Amino acid sequence: MLFNSFAFLFAYLPIVLAGYFLLDRRASCASWRLAPAVWLALASLFFYAWWDVRYLPLLLVSICVNYGAGRLLGASAGAARKRVLVAALALNLGLLAYYKYANFFIDSVNAIAELAGARAGAGSLPWPGLAIILPIGISFFTFTQIAFLVDCYRGEVREYHFIHYVLFVSYFPHLIAGPVLHHRDMMPQFADPANAHPRAANFAIGLSIFTIGLAKKVLIADNLSPLAIPVFAAGATPALIEAWIGVLAYTFQLYFDFSGYSDMAIGLSRLFGVKLPLNFNSPYKAANIADFWRRWHMTLSRFLRDYLYIPLGGSRCGVAMRYRNLMLTMLLGGLWHGAGWTFVIWGGLHGLYLVLQQAWQRVFGAARSRCWPAILTFLAVMLAWIFFRAPDVATAWDIAGALVGANGVSLPRGLVSHAASLAQWGLHPAFDGIRWIELAGPGLPVLLCAMLLAFKAPNTQEIFFLYEPAIERIFQPAGRWAFSWRPTRRWSVGCAGLFVACIFGMNRVTEFLYFQF
């Protein structure tokens, strides 16, 4: 079930909201105290089962095993405690490795064996691939529970109620594509009965943020897809202008698709009185690559920092080890996104960017870091997105080469009508025998609009909150976050109009790009 589908908007969501708040009326009775949380947990499990009910038992087993391991970690001590942690982590990583990376490993071994056999002049019998369908959201609910287990081992977990844990892992606004949640932020909110009381303020801000996220997905991201698909097709060999349009289209499609999902998740959760962490802070406005990762997929960046980079040693063991840890963290972050060498290269590029930035600042000082301006950061990120999106490494290199004219220079089909006027400038011969891309429809205007919005418009938290960059979560103690927004009649009419535009724009329901991870 998709957030941008009619079944979700007009059936699932109203029913779940109604049941949640009706059960809250009975929660004053001790025996009904957990009823709203139980209802929301069951609704979340139904939401997950809607995709493929065969994988619901996998999610339930994962939840039960990790909950039991967490309780066991809390009751254990010494070496036994460490053994429990290692066993639980091995089970989680083994599950992820089987479903997400088994075929990647088999394909890599087959490729190496084929290359070695070709050099030796002998054939090789490839290993057959496994018929595995990737369970949706497995990376997110696995990482969420790994963080829980590690914090149990550290003695930082104080909440062990099973219903709250089930809801923490399966909570439908975040389950499929994030944000990556942390137990200390979420489980106390699920345990607070006051959050189940309906409040007009929660509905006003929740529906507003959800509508903005829906517009990002339906009106912007989905209309950029036709520009990107032909350029990233295997064997497309795009020309210069085609390549730039396609790569820019995907760069902003991914941004508005994932940013839209995160806004929709935050807005939906707010309807239930629960506050999710922010996940985007205008990442394409970043001044350098480190700043980009503080702004892009913020919850994943914090997870990689707290549970991978710092345990590896962080910056505590000298410059060389710091660079090694950066590279390892980003390589593993790339593999987390997908089982393919293109994702490894994407992660490696970002690791290299971070190492180069750190080295530059070490040699020249932070005062001269302006030599890494926002435009250079954006271009570096855009180059890496090519590998993130391309179906294989060869296609990615071909597109990267096309950006500098390796496949020739031509104009898109939409400009052919102007060929006669351009001929007087000597450009007409360039059209002969060249493959064009079709740019009919709203693609180019939407791309220009997307660029203006990403670089110049305020982001969601800037619209709705007084944002303090030093504060990473929207549910810190009172006083650190203050509302700067109040609904007005003009805002309500505009938001309703935007929602109607989204409804009429949903001529085809498309999945979110991060669902594949």
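The values are calculated or read from the model by the stated rules, or taken from the named source; none is laboratory data. Please read all numbers here as calculations on a predicted model, not as lab measurements. Counting neighbours? That spans all protein chains shown, and the Cβs are built from the backbone with ideal geometry, glycine included. These accessible areas exclude ligands, DNA and RNA; they are computed on the full protein's heavy atoms, side chains included. Shrake-Rupley method; radii C 1.70, N 1.55, O 1.52, S 1.80 Å.
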Within the range 141-149, is there a residue that is in contact (Cβ under 8 Å) with a residue 24 or more places away in the chain, under 19 Å from TYR48 (Cα atoms), under 24 Å from the mean Cα position of the chain (by Cα) and open to solvent by 20 Å² or more (accessible area, probe 1.4 Å)? yes
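Yes/no matrix, rows are residues, columns are (1) of a type in the set (Ser, Thr, Tyr); (2) open to solvent by less than 40 Å² (accessible area, probe 1.4 Å):
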| site | (1), (2) |
| --- | --- |
| TYR255 | yes, yes |
| GLY267 | no, yes |
| ASN279 | no, yes |
| PRO283 | no, yes |
| PHE303 | no, yes |
| ARG324 | no, no |
ASN4, sole failed condition from (1) open to solvent by less than 20 Å² (accessible area, probe 1.4 Å); (2) in a helix (DSSP H, G or I): (2)
Filter the range 313-340 for residues that are hydrophobic (A, V, I, L, M, F, W, C), under 24 Å from the mean Cα position of the chain (by Cα) and assigned to a helix (DSSP H, G or I) and give the result. LEU326, MET327, LEU328, MET330, LEU331, LEU332, LEU335, TRP336
Could you please let me know if SER31 is among the polar types (S, T, N, Q), out of contact with any Cys (no Cβ under 9 Å at 6 or more places or on another chain), modelled with pLDDT of 90 or more and more than 23 Å from ARG508 (Cα to Cα)? no
Over the range 489-508, the set of residues open to solvent by 70 Å² or more (accessible area, probe 1.4 Å) and either of a type outside the set (Val, Ile, Thr) or modelled with pLDDT under 85 (or both) is ARG489, ARG490, TRP491, PHE504, ASN507, ARG508
All-but-one check, GLY19 against (1) under 26 Å from ALA221 (Cα atoms); (2) assigned to a helix (DSSP H, G or I); (3) open to solvent by less than 20 Å² (accessible area, probe 1.4 Å); (4) free of Cβ contacts under 8 Å to residues at least 60 places away in the same chain, failing number (1)
Please count how many residues of the range 309-355 are touching a residue at least 40 places away in the same chain (Cβ under 8 Å), over 18 Å from HIS297 (Cα atoms) and out of contact with any Lys or Arg (no Cβ under 6 Å at 6 or more places or on another chain). 5
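Yes/no matrix, rows are residues, columns are (1) modelled with pLDDT under 95; (2) in a helix (DSSP H, G or I):
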| site | (1), (2) |
| --- | --- |
| THR237 | yes, no |
| ILE245 | yes, yes |
| LEU248 | no, yes |
| THR251 | no, yes |
| ASP257 | yes, yes |
| GLY260 | yes, yes |
| ALA265 | yes, yes |
| LEU276 | yes, no |
Please determine whether any residue of the range 212-234 is over 29 Å from LEU17 (Cβ atoms), touching a residue at least 40 places away in the same chain (Cβ under 8 Å), surrounded by fewer than 24 Cβ atoms within 10 Å (Cβ to Cβ) and touching a Phe, Trp or Tyr at 6+ places or on another chain (Cβ under 8 Å). yes
Taking into account only those residues within the range 387-398 that are part of a helix (DSSP H, G or I), in contact with a Ser or Thr (Cβ under 9 Å, 6 or more places away or on another chain) and not charged (D, E, K, R), which is nearest to LEU224 (Cα to Cα)? PHE388
Of the residues that make up the range 468-488, is at least one modelled with pLDDT of 85 or more, farther than 25 Å from ALA374 by Cα and either open to solvent by less than 50 Å² (accessible area, probe 1.4 Å) or among the hydroxyl-bearing types (Ser, Thr, Tyr) (or both)? no
It is to be established whether one or more residues within the range 28-51 are charged (D, E, K, R) and either part of a helix (DSSP H, G or I) or surrounded by 17 or more Cβ atoms within 10 Å (Cβ to Cβ) (or both). no
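Please determine, by comparing only the residues of the range 77-102 that are part of a helix (DSSP H, G or I) and at pLDDT below 85, which one is nearest to ALA131 (Cα to Cα).
The selected residue is ALA79.
Checking the condition loosely packed, with under 15 Cβ neighbours inside 10 Å, of a type in the set (Val, Ile, Thr) and either modelled with pLDDT of 75 or more or part of a helix (DSSP H, G or I) (or both), which residue from ILE345, ILE375 passes?
One residue alone meets the criteria, ILE375.
Quick grid of which residues meet (1) within 23 Å of the chain's Cα centre (by Cα); (2) farther than 21 Å from PRO188 by Cα; (3) of a type in the set (S, T, N, Q):
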position: LEU2; (1), (2), (3): yes, yes, no
position: TYR12; (1), (2), (3): no, yes, no
position: LEU17; (1), (2), (3): no, no, no
position: PHE21; (1), (2), (3): no, no, no
position: TYR48; (1), (2), (3): yes, yes, no
position: LEU58; (1), (2), (3): yes, yes, no
position: ILE63; (1), (2), (3): yes, no, no
position: ASN66; (1), (2), (3): no, no, yes
Can you run down the residue pairs with Cβ atoms below 7 Å, 6 or more apart or on separate chains, where the first is in the range 496-512 and aliphatic (A, V, I, L, M) and the partner is open to solvent by less than 50 Å² (accessible area, probe 1.4 Å)? LEU498/THR211; LEU498/ALA215; MET506/ASN4; MET506/VAL218; VAL509/LEU2; VAL509/ASN4; VAL509/SER5
Given the conditions (1) open to solvent by 10 Å² or more (accessible area, probe 1.4 Å); (2) outside any helix (DSSP H, G or I), report the number of the one that LEU181 does not fulfil. (1)
